[in-house]
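Reviewing the structure listed below.
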Amino acid sequence: MRRFIPATAVLSEKTKYSLPLRRWRWRCFSQVAQKEFDNKGGVVVPKMPSFDYAPPPYTGPSAAEILSKRKEYLSPAMFYLYNKPLNVVDGRMQYLFDENGRRYLDAFGGIATVCCGHCHPHVVDAIVNQTKRLQHSTILYLNHAIADLAEALANKLPGNLKVVFFTNSGTEANELAIMMARLYTGCHDIISLRNAYHGNAAGTMGATAQSNWKFNIIQSGVHHAINPDPYRGVFGSEGEKYAKDIQDLIQFGTSGNIAGFISEAIQGVGGIIELAPGYLPAAYNIIKKAGGLCIADEVQGGFGRTGSHFWGFENHGVVPDIVTMAKGIGNGIPLGAVITTPEIAEVLTRRNYFNTFGGNPVCTAAGLAVLNVIEKEKLQDNAFVVGSYLKERLIALKDKHDLIGDVRGRGLMLGVELVTDHELKTPAKLETLHLLDQMKEIGVLVGKGGFYGNVFRITPPLCFTTEDA
């Protein structure tokens, strides 16, 4: 049996088999993976799909120099992946390049942010052309870029969701949405889900429900319902049973009336958890009876990423009152948005509300270009086709490897949860770290998430091909 090798170990022929079995157990590699090492003890790199681009030579500081400066001058809260951090200096479509010109397959997409592809020429042209004309003014003056993007986004949403307020990030968007729900209803209580992540400002940290992402500050008025997790949840895939907890929270934890309910259709940071079928319709019904608004957080799951629909909530057959978005909206440009109905939007006129950079002409020009690329290049369809194929292949791996506990998600928003015991679902934390590093060594970049840090997050650019998969 192969032993598990910690990520810091030197992978030589001698050390591969020398670690005591009582300490490490190797559970994951099949016969294919056993060919990982060549006869000199080095890692065999699989052949990448052909790609017609080579970056120009890099002449900047080395990874070591950047890391040294980062440790001295940047916040220690800024963490990084891998034992040897990757110095990314170039990117094209679904690929990234390091300081030595080595190509990596980007299966993380800057945390589900790069949807069109790195440096997509149409998006770059829109940014450059707008920057040459007008980099920034203010929304106190007129500019067509912000109005054009608002119109295009409104046309992508159902019902009366047609009024847009632009922000700079998903945290800002969710913060504003929560405030609007409270203002509109006159109530303070918000219901979120356990395991949720909605941002790291005051209000959104309250809605976030993972201790890993919460500081000991005042976070009032948020109640966290049982998470409808089909893999780890107490009711499996029976969504309506989970929804009863929302009713209990309202009856026993509030005055009976609430401001709203916020949720992702697929929890991203939480480990690519797709909410149990039937949950959102039942939850929305309960929330509306209590006078609350339903907020759909589409920061990671929107813009065609799930393949079957443009927005994640559409997979559940519901229509929210407020939709928040960021990440994929700008393909990496700092841009977010809150979209709601004219009636709800009216609450912001009770006082002055302003965002200096929200709706910046460069950012909104980029956002419109992103929408055009998604449509013209049929990236949503591609996410469905390639994502379905990749999920099938991952499920096949699950049947071979005990280490894989669950494969889940939709389109190009997929998760692979690693466990050391299928019955107990014991998180395979060390194995996940090791494999994350090993994948980087063979040229594949994926993300890591879930409360226990044992889930691979696969959220590549939507131009990902079957060959890449």
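The values are calculated or read from the model by the stated rules, or taken from the named source; none is laboratory data. Since the model is a prediction, treat every value here as computed from it, not as a measurement. With ideal geometry, Cβ positions are generated from the backbone for all residues, glycine too; neighbour counts draw on all protein chains shown. All accessible areas refer to the heavy atoms of the entire protein, side chains included, with ligands and DNA or RNA removed. Shrake-Rupley method; radii C 1.70, N 1.55, O 1.52, S 1.80 Å.
Please give me the summed charge of the neighbours of GLY170: other residues whose Cβ is under 13 Å from its Cβ, Lys and Arg +1, Asp and Glu -1. Present the calculation step by step, with values, prior to reporting the outcome.
Working: positive: LYS327; negative: GLU172, GLU175, GLU264, ASP297, GLU298.
Here the charged neighbours net out to -4.
Charges at C-beta only: +1 for Lys and Arg, -1 for Asp and Glu. How large is the resulting dipole of the chain about its Cα centre, in Debye rounded to 20? Mind showing how you got there, number by number?
Values: 47 positive and 44 negative charges, 240 e Å.
Here the chain has a charge dipole of around 1160 debye.
Out of LEU445, ASN352, HIS422, whose Cα points farthest toward the positive end of the dipole of the chain (charges: +1 Lys, Arg; -1 Asp, Glu; placed on Cβ)?
Projecting each Cα onto the dipole axis, the largest value belongs to HIS422.
Is there a quick way to get the dipole size of the range 121-377? I mean about its Cα centre, with the Cβ of Lys and Arg at +1 and of Asp and Glu at -1; what is the value in debye to the nearest 20? List each step's numbers first, then the result.
Values: 17 positive and 21 negative charges, 74 e Å.
For the range 121-377, the charge dipole is close to 360 debye.
Computed over the Cα atoms, what is the radius of gyration of the range 252-381 divided by 2.2 N^0.38 Å, N being its residue count?
Details: Rg = 16.2 Å, N = 130, 2.2 N^0.38 = 14.0 Å.
In units of the globular-protein estimate, the range 252-381 measures up at 1.16.
Give the residue from GLY186, ASN87, LEU176 lying farthest towards the positive end of the charge dipole for the chain; charges sit on Cβ (+1 for Lys and Arg, -1 for Asp and Glu) and the dipole is referred to the Cα centre.
The residue sitting most towards the positive pole is ASN87.
For the pair LYS288 and ASN83, how long in nm is the line joining their label points, each one 7 Å along Cα→Cβ?
With each label point 7 Å from Cα toward Cβ, the separation is 5.5 nm.
Near LYS448, which lysines are there with a Cα under 19 Å away, not counting those fewer than 8 places off in the same chain?
LYS84, LYS214, LYS327, LYS391, LYS398, LYS425, LYS429, LYS440
For TRP213, TRP311, give the ranking by accessible area with the largest first, probe 1.4 Å. Please list the in-between numbers first.
Working: TRP213 95, TRP311 0 Å².
These residues rank, largest area first, as TRP213, TRP311.
Restricting attention to the range 150-215, which trypsin sites (Lys or Arg not before Pro) occupy a DSSP loop and are surrounded by at most 14 other Cβ atoms within 10 Å? Working shown, then result.
Numbers: sites: LYS156, LYS162, ARG182, ARG194, LYS214; in loops: LYS156, LYS162, ARG194, LYS214.
Of the trypsin sites (Lys or Arg not before Pro), the ones in loops of the range 150-215 whose Cβ has at most 14 other Cβ atoms within 10 Å are LYS214.
DSSP loop chymotrypsin sites (Phe, Trp or Tyr not before Pro) in the range 39-127 with at most 16 other Cβ atoms within 10 Å of their Cβ, which ones? Don't skip to the end; give the middle numbers.
Details: sites: PHE51, TYR53, TYR58, TYR73, PHE79, TYR80, TYR82, TYR95, PHE97, TYR104, PHE108; in loops: PHE51, TYR53, TYR58, PHE79, TYR80, TYR82, PHE108.
Within the range 39-127, the qualifying chymotrypsin sites (Phe, Trp or Tyr not before Pro) (loop, at most 16 other Cβ atoms within 10 Å) are PHE51, TYR53, TYR58, PHE79, TYR80, TYR82.
Quick check for you: which residues of the range 150-168 have the amide N under 18 Å from the point 7 Å beyond the Cα of GLU375 toward its beta carbon?
Under 18 Å, as judged by backbone N against the label point of GLU375, lie 150-159, 161-164 of the range 150-168.
Relative to the first principal axis of the alpha-carbon coordinates of the chain, what is the inclination of helix 121-133, with its axis defined by its Cα atoms, in degrees from 0 to 90 and to the nearest 10?
Helix 121-133 and the main axis of the chain meet at about 50 degrees.
Among (1) 31.6, 110; (2) 22.9, 72; (3) 23.7, 79, which is the computed Rg and Dmax of the Cα atoms in Å?
Comparing each candidate, only (2) matches the computed number.
Of PHE215, ILE333, ASN195, which is farthest along the charge dipole of the range 121-377 in the positive direction, counting Lys and Arg as +1 and Asp and Glu as -1 at C-beta?
PHE215
Subtract the Cα-Cα distance of GLN135 and ALA201 from 0.36 nm times their separation in residues, and report this length gain in nm to one decimal. All intermediate terms of the calculation are to be shown ahead of the outcome.
Values: separation 66, 0.36 × 66 = 23.76 nm, distance 2.74 nm.
Contour length minus the Cα-Cα distance gives 21.0 nm.
Mind running the shape call on the range 341-469? Use the C-alpha gyration tensor, a ≥ b ≥ c as the square roots of the eigenvalues: rounded below 1.5 for a/c, prolate if a/b tops b/c, oblate otherwise. Please report the intermediate quantities before stating the final value.
Numbers: a/c = 2.49, a/b = 1.76, b/c = 1.41.
The shape class here is prolate.
If you find the alpha carbon centre of the range 253-315 and of the range 49-104, how far apart are they in angstrom?
If you average the Cα positions of each part, the centres end up 36 Å apart.
Output the antiparallel fraction of DSSP beta bridges having both residues in the chain, as a percent to the nearest 5. Mind showing how you got there, number by number?
Working: 35 of 51 bridges.
The antiparallel proportion sits near 70 percent.
Given the range 121-377, what percent of its DSSP beta bridges are antiparallel, to the nearest 5? It would help to have the intermediate numbers written out before the result.
On the way: 11 of 25 bridges.
Restricted to the range 121-377, the bridges split so that about 45 percent are antiparallel.
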